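Every read-out reported here was derived from the displayed coordinates using simple, explicitly stated rules and does not represent laboratory data. Since the structure is predicted, the reported quantities are computational estimates derived from the model, not experimental observations. Backbone-built Cβ (ideal geometry, glycine too); neighbour counts: all protein chains shown.
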Amino acid sequence: MKNEFDVVAVGELLIDMTMNGKSAQGNALYEANPGGAPCNVLAMLKKLGHKVAFIGKVGDDIFGHELKGVLDEVGICPGGLIIDKDARTTLAFVKTFEDGDRDFSFYRNPGADMLLRKEDIDTDLIRKARIFHFGTLSMTHEGVREATMYALTEAKKAGALISFDPNLREPLWNSLDEAKEQVLEGLKHCDILKISDNEIQWLTGKDDYVDGVEWIFERSDVRLMTVSLGKCGSMAFYRKGRDMAYIKSQAAPFLSKDTIETTGAGDTFGGCILHFVLTKGIEALDEKDLQEMLIYANAAASIITTRRGALRVMPAPDEIEAKIKGTTEPSPGTQ
């Protein structure tokens, strides 16, 4: 059936080994949280009532089987998930600093997610999607890159909207030049782009975010672009067609004293953006729509920063609404 799924994503499903205090002996304790940006996005969408599916590969090990179970638990269709008996599931060790910044160490040489191949792609699943979503962790190496581009091509043929999150992880690339080349390739095909403040400055060489947005608009067919600004909130830019006329909006963050880590915040935000598109469409948005979208996505992202991990603990709609209604004054941030 056409559009049986609201969103189908391809990419990585892995374990985020997140620092969670120290032992009595002073050793760092790590908590094994299920993660991977595409599946985090899908988990948020499922929490908001959408039907979603994932295409990717995990290892035939304790982590791979646990991750398969988590997809079943949260309601992500695992129809495109392959358990590779010859591979090991990728691990990402995440260290969070006092200022909220993070450092990643990936155990992925190769990890199962890198071994996804063109012949592994379930094209029937892709053809049933309203939106196809992908990132660049499935573009870091030749084989999985070919698989991702094949899936993307099939999605475009089927008329799906294309959603892209660069999600730059520098240690996974042979060079930043190669990373930039692949991000630019992704931009050629997407309708919806979620990009962070540091990513847009790195990609475009523009210090001013608006200049960076215009640089991307000039080189792509992107129609809806969001720029996440961390503690300064977020921005959205929308244009109806290929010309440079666009509208924009900006929303302050919902800062929380209970924040413990930011892993998954961008994915939660991105999932809410896709929820808005699925609900309202992308054909005729105005500034009020953009503002509503950003406020909702910012609120959800704020909630996830108070929890360890993301995929398993996405906020429910009533929590997000309560967060919005409970804040009578905007949090400090860029206005």
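Considering Cα pairs under 8 angstrom that are at least six residues apart, work out the relative contact order of the range 102-195 and quote it in whole percent. Computed value for the range 102-195: 29 percent relative contact order. Rounded, prolate or oblate: which fits the range 109-235 when a ≥ b ≥ c are the square roots of the eigenvalues of the alpha-carbon gyration tensor, with rounded for a/c under 1.5 and prolate only if a/b beats b/c? Because a/c hits 1.5 or more and a/b fails to exceed b/c, the range 109-235 counts as oblate.
Could you list SER249, SER175, SER105 in order of exposure, starting from the residue whose Cβ has the fewest other Cβ atoms within 10 Å? Could the numbers behind the result be given before it?
Details: SER249 21, SER175 9, SER105 12.
Result, fewest neighbours first: SER175, SER105, SER249.
Would you work out if the range 100-161 is rounded, prolate or oblate? Take a ≥ b ≥ c from the square roots of the eigenvalues of the alpha-carbon gyration tensor; rounded if a/c is under 1.5, else prolate when a/b is larger than b/c, oblate otherwise. Can you show the working numbers first?
Working: a/c = 2.93, a/b = 1.65, b/c = 1.78.
Oblate.
From Cα pairs below 8 angstrom and at least 6 apart in sequence, can you work out the relative contact order of the range 90-150, rounded to a whole percent?
Details: 59 pairs, mean separation 18.5, N = 61.
Normalised by residue count, the contact order of the range 90-150 is 30 percent.
Only the Cβ atoms of Lys and Arg (+1) and of Asp and Glu (-1) were treated as charged; on that basis the dipole of the chain about its Cα centre amounts to roughly 600 debye.
Given +1 on the Cβ of Lys and Arg, -1 on the Cβ of Asp and Glu, and no further charges, what dipole in debye does the range 224-335 carry about its Cα centre, rounded to the nearest 20? Can you show the working numbers first?
Details: 13 positive and 13 negative charges, 47 e Å.
Once rounded to the nearest 20, the dipole reads 220 debye.
The label point for ASP61 and the one for GLU170, both projected 7 Å from the Cα toward the Cβ, are 2.7 nm apart. Each label point was placed 7 Å from the Cα along the Cα-to-Cβ direction; for LYS288 and ALA28 their separation is 4.9 nm.
How would MET225, MET44, MET149, MET114 line up from fewest to most surrounding beta-carbon atoms within 10 angstrom?
Details: MET225 26, MET44 31, MET149 18, MET114 21.
Fewest to most other Cβ atoms nearby, the residues stand as MET149, MET114, MET225, MET44.
Computed over the chain, relative contact order equals 16 percent, with contacts defined as Cα pairs under 8 Å that lie 6+ residues apart. With the charge dipole of the chain set up from +1 on Lys and Arg Cβ and -1 on Asp and Glu Cβ about the Cα centre, the Cα lying farthest toward the positive end among the listed residues ILE76, VAL313, PHE254 is that of ILE76. Alpha-carbon geometry of the chain: the Rg and the Dmax are 18.6, 61 Å, given in that order.
Remark: the range 74-84, residue by residue, has Karplus-estimated 3J(HN,Hα) of 8, x, 8, 4, x, x, x, 8, 10, 9, 8 Hz, where x stands for each Gly or Pro and the curve is 6.51 cos²θ - 1.76 cosθ + 1.60 at θ = phi - 60°.
Coupling constants for the range 108-114 follow from the phi torsions by the Karplus curve (6.51 cos²θ - 1.76 cosθ + 1.60, θ = phi - 60°), and in residue order they are 7, 9, x, x, 4, 4, 6 Hz; glycine and proline get x.
How much length, in nm to one decimal, is gained on full extension between MET244 and GLU218, taken as 0.36 nm per residue of separation minus their Cα-Cα distance?
Values: separation 26, 0.36 × 26 = 9.36 nm, distance 0.72 nm.
Length gained between MET244 and GLU218: 8.6 nm.
In terms of other Cβ atoms within 10 Å, HIS50, HIS133, HIS65, HIS275 run from fewest to most in the order HIS65, HIS50, HIS275, HIS133. Put simply, when 228-238, 79-89, 308-318 are sorted by average Cβ atoms within 10 angstrom per residue, most first, you get 228-238, 308-318, 79-89. Computed 3J(HN,Hα) for the range 284-294, one whole-Hz value per residue from the Karplus formula 6.51 cos²θ - 1.76 cosθ + 1.60 where θ = phi - 60°, is 8, 8, 10, 4, 4, 4, 4, 5, 4, 4, 5, glycine and proline marked x.
In the structure shown, do any of LYS180/LYS257; LYS2/LYS194; LYS206/LYS325; LYS188/LYS231; LYS57/LYS248 have a Cα-Cα gap over 32 Å, and if so which? Provide the component values of the computation, followed by the final result.
Details: LYS180/LYS257 36 Å; LYS2/LYS194 26 Å; LYS206/LYS325 36 Å; LYS188/LYS231 29 Å; LYS57/LYS248 38 Å.
Beyond 32 Å: LYS180/LYS257; LYS206/LYS325; LYS57/LYS248.
Projecting the Cα atoms of SER220, LEU203, ALA265 onto the dipole axis of the range 178-335, where Lys and Arg carry +1 and Asp and Glu carry -1 at the beta carbon, places ALA265 farthest toward the positive end.
Could you work out the longest stretch of the chain that avoids the GluC sites (Glu not before Pro) located in DSSP loops with at most 14 other Cβ atoms within 10 Å? Intermediate results must be reported in sequence, preceding the final value.
Details: sites that count: GLU98, GLU283.
Longest gap between qualifying sites, sites excluded: 99-282.
Could you let me know the centre-to-centre spacing of the range 62-139 and the range 192-257, using Cα atoms, in angstrom? When both Cα centres are located, 26 Å separates them. The helix-only estimate of mean residue ellipticity at 222 nm for the chain, built from DSSP H runs of length n ≥ 4 each weighted as -39500 (n - 2.57), is -11000 deg cm²/dmol after division by the residue total.
About its Cα centre, the range 133-212 has a charge dipole of approximately 340 debye under the convention of +1 per Lys or Arg Cβ and -1 per Asp or Glu Cβ, with nothing else charged. Among the chymotrypsin sites (Phe, Trp or Tyr not before Pro) found in the range 125-187, not one is both in a DSSP coil and sparsely packed, with 10 or fewer other Cβ atoms within 10 Å of its Cβ.
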